[in-house]
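Participant: Quick one: this structure, given as structure tokens, is what I'll be asking you about.
The values are calculated or read from the model by the stated rules, or taken from the named source; none is laboratory data. Given the structure is predicted, the values throughout are model-derived calculations rather than measurements. In this analysis, Cβ positions are derived from the backbone assuming ideal geometry, glycine residues included, and neighbour counts consider all displayed protein chains.
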Amino acid sequence: MNSLKYKVTLLLIVTGISFSFSCKRGAVGNSDVDMKVNALLSKMTIEEKIGQMTQLDPGSFDGKESIKAAVRDGRCGSLLNYLGPVEVNEIQKVAMEESRLGIPLIIGRDVIHGFRTVFPIPLGMASSWDPEIVREAFRISSIEASSQGIKWTFAPMIDICRDPRWGRIAEGCGEDPYLVSSFATAMVKGIQGDNPADPTSLAACVKHYAGYGYSEGGRDYNTTNIIETELRNVVLKPFKAAKDAGALTFMSAFNDLNGVPTTANEFTLRQVLRNEWKFDGFVVSDWGSVMELINHGYALDAKDAACKAINAGVDMEMATTAYSDNIKQLLKEGKITESRIDEAVRNILKVKYELGLFENPYVSPEAEKKLLDPSFLDHARKVARESVVMLKNDRSTLPLSMNITSVAVIGPLADAPRDQLGTWCFDGREENSVTPLKALRDILGDKRVNYVVGLKYSRDKNKSDFDKAVAAAKRSDAILFFAGEEWILSGEGQCRGEINLPGAQTELIDALSRTGKPLIVVVLAGRPLAIGKEVEASNAVLYAWHGGTMAGPAIADLIFGKESPSGKLPVTFVKGAGQIPFYYYRYNTGRPASAKSYTPIDSIPVKNQQTSLGYKSSYLDYGYSALFPFGFGLSYTKFNYSDLSLSSNTMNSNGTITVKATVTNTGNMDADEIVQFYIRDRVGSITRPIKELKGFRRIHLTKGEKSEVAFVLAPDDLAFFNGTITAAEPGEFDVWIGPSSAEGLHGEFRFE
Ligand code: BGC
């Protein structure tokens, strides 16, 4: 199989981000580490080796003493969910001083979008299209988490997802391979810092490898069938980017991929990850995913499961004991080899050395102070602000004047401190959340805020407070309705068949709309919801996701125009669950639909003759377009795109092409714009998507200011895997520079 010619360096030139890719691998050079690892390995018993391949949760032990005994005996080389500087130092001391070889533990935890300072859910962060602020957010999370003894986080989660029913869409960065790759790189750099051995650095764990985000029907843990072209051109790209950014560990996934569960998948784990990409860190299973090979019907029992996972390349088992219970017997039976065990242990020890754990196994008690630093909270507010996407703003309803006499604040998410933290938030505390209600009261004072919750939680159907809410709206100058989903409705295992606003929220929005007062709907949710009706009923809509600790002040900053909304959608918003999957990076089909071909269901005559319906690829009810396209997002100002130019109308296999356009802020406010660059390969040896993002840049323009934005394309950017080879194919290409995937200035060139 040919390796992907995917060059992250180039991606970053195109996006204008200048990261260094030379990830320093600890204080010691690689060969030193190898020598140390080999020396240590040669002293280890098979039991000690098995211990290194075992990661356990404190819940699987019978109290602290039994954890200590396992660590002392070398039966467990890693713990997850073991927290606190004192506790971690105590157990680490057992590993360092009481175990025979003094091998440090590696302590892991899910730090997915913040530790105590909680940032927006990753899908929200991705709406910022600002990898640099996200890198910094992960840096902050690592500073906080490392202060509590954590040295390894199960992040970034970079599963491409095109199905908002899947609860875990919240945890990823959206639907597009380029955008997700850019964030994967930034997140790894933030987590691991410049040097993984720095006390504030953690090892990143890139997950879930691979294809988990394609679970059929958006039902968690479900089967995935992904042909190799799609796998390599889309799904694997962010993983390769994360590997190139220096990620030290990978996590196999729960899903069955093309008939072979990913936790026993030799193609992804051995052929792609090790042989082609030369990954030299270690692979951990997902929680219990080794034992789940039995449920998949891929392994007979725990011994068979261990055998298959080990041979496929999973070095460490998370949470279950198929490895520790069976490796010796498997060796005896010759089903696994000692050299494979040595390889796994070598991979693990190498990472422990690179993390500096042998030299500095303990956490400084001083580090405790590094939580919720004001500068961290400021950054969380900035990230939350950049994550908000404005979907509608009729007649400049927003921003509101600070002199407004009063506002009605209504809705289940207005004052829901836990919900705004979102899914996968183990260490954030709701008492640290600043809710929108609190932020608005801080700005306007209690008297100017007429608060009625209306619905107590997002699924609430009790309408008894509707009258009160409507009355509050009537005596206010504007209505701010905070809609959305509780945190528990997204995340692992939390999938939905319908993706509308839950409970009676839509009815309350309708009732409020009928007051005739300006109605601003702010959505705090873990997924892109189908909110067509609510958008119609309101005058302005801000999509704020679950924005984390500082969601309230960030939203208030935008409501009162301290800054303009600037986020853009990292995922297509569909009109309803029945339209899924629908994403911008799709194929044209033989019968692409357009405004001309489409017959809306309501305009079909009662006694229709079939021939008038167009026979194009669309739905009678949803039509052929998205509710909001990928890359969409409005601003308080206006940006004009002009003067698209190409450095040449041909590109050859040694050359590059520069595509430029001028962006002018023609509105009345200084603001950021996210300039997007797309291409289309018109004809290929396999069909090519109708648009592919190849670059983006967030620029700041003051009123009246203009800027020329340039993107460089090289042949590798045109390359794709066609089932046999990865190459750029000669032919005609379209390019666009614009504000979303659905608009832009157009140009073309020929690749020779
Ligand atoms: C999830 C992983 C997570 C692991 C450890 C699993 O259920 O799929 O994403 O890292 O648990 O908490």
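Participant: How many residues are among the polar types (S, T, N, Q), more than 21 Å from the chain's Cα centre (by Cα), buried (at least 24 other Cβ atoms within 10 Å of the Cβ) and more than 11 Å from the ligand (Cβ to nearest atom) when one looks only at segment 264-289?
Facilitator: Residues meeting the conditions: 1.
Participant: Pairs only if they're at least six apart or on different chains, beta carbon under 7 angstrom, first in segment 604-625 and of a type in the set (Lys, Arg) and surrounded by 16 or more Cβ atoms within 10 Å (Cβ to Cβ), second modelled with pLDDT of 90 or more and not in a loop (DSSP other than H, G, I, E, B); list them, first residue then second.
Facilitator: Hits for this filter: LYS616/PRO592.
Participant: Could you say whether any residue in segment 176-195 is within 16 Å of the ligand (Cβ to nearest atom) and either modelled with pLDDT under 95 or in contact with an Asp or Glu (Cβ under 7 Å, 6 or more places away or on another chain) (or both)?
Facilitator: Scanning segment 176-195, I find no residue that is within 16 Å of the ligand (Cβ to nearest atom) and either modelled with pLDDT under 95 or in contact with an Asp or Glu (Cβ under 7 Å, 6 or more places away or on another chain) (or both), so the answer is no.
Participant: Looking at ILE226 and the list (1) assigned to a loop (DSSP other than H, G, I, E, B); (2) under 13 Å from the mean Cα position of the chain (by Cα), which single condition is not satisfied?
Facilitator: (2)
Participant: Mind checking which residues of segment 48-74 are within 34 Å of the chain's Cα centre (by Cα) and either surrounded by fewer than 18 Cβ atoms within 10 Å (Cβ to Cβ) or not in a helix (DSSP H, G or I) (or both)?
Facilitator: Scanning segment 48-74 gives MET53, THR54, GLN55, LEU56, ASP57, PRO58, GLY59, SER60, PHE61.
Participant: Pairs please, first residue from segment 237-259 and free of Cβ contacts under 8 Å to residues at least 24 places away in the same chain, second anywhere and of a type in the set (D, E, K, R) and within 16 Å of the ligand (Cβ to nearest atom), Cβ atoms under 8 Å, 6+ apart in sequence or on different chains.
Facilitator: If the second residue must be of a type in the set (D, E, K, R) and within 16 Å of the ligand (Cβ to nearest atom), no pairs are left.
Participant: For residues that are closer than 23 Å to SER78 by Cα, within 11 Å of the ligand (Cβ to nearest atom) and either not hydrophobic (A, V, I, L, M, F, W, C) or not in a loop (DSSP other than H, G, I, E, B) (or both), tally how many sit in segment 250-263.
Facilitator: Residues in segment 250-263 being closer than 23 Å to SER78 by Cα, within 11 Å of the ligand (Cβ to nearest atom) and either not hydrophobic (A, V, I, L, M, F, W, C) or not in a loop (DSSP other than H, G, I, E, B) (or both): 2 in total.
Participant: Still on this structure, please answer the following. Take the conditions in a loop (DSSP other than H, G, I, E, B), touching a residue at least 24 places away in the same chain (Cβ under 8 Å) and among the small types (Gly, Ala, Ser) and apply them to SER464. Does it pass?
Facilitator: no
Participant: Just checking, which of LEU501, LEU480, LEU508, LEU489 is under 23 Å from ASP557 (Cβ atoms) and either hydrophobic (A, V, I, L, M, F, W, C) or surrounded by 19 or more Cβ atoms within 10 Å (Cβ to Cβ) (or both)?
Facilitator: Matching residue, one of LEU501, LEU480, LEU508, LEU489: LEU480.
Participant: Out of GLY190, GLY217, GLY149, report the one residue that is part of a loop (DSSP other than H, G, I, E, B) and in contact (Cβ under 8 Å) with a residue 24 or more places away in the chain.
Facilitator: GLY149
Participant: Could you please give the count of residues in segment 292-337 that are assigned to a helix (DSSP H, G or I), touching a residue at least 12 places away in the same chain (Cβ under 8 Å) and either more than 21 Å from VAL272 (Cβ to Cβ) or more than 16 Å from the ligand (Cβ to nearest atom) (or both)?
Facilitator: Number of matching residues: 20.
Participant: Here is a follow-up. Before we move on, is ARG116 outside any helix (DSSP H, G or I), out of contact with any Gly (no Cβ under 6 Å at 6 or more places or on another chain) and charged (D, E, K, R)? Let's see the steps before the verdict.
Facilitator: Numbers: outside any helix (DSSP H, G or I): yes; out of contact with any Gly (no Cβ under 6 Å at 6 or more places or on another chain): yes; charged (D, E, K, R): yes.
Spelling it out, ARG116 is indeed outside any helix (DSSP H, G or I), out of contact with any Gly (no Cβ under 6 Å at 6 or more places or on another chain) and charged (D, E, K, R).
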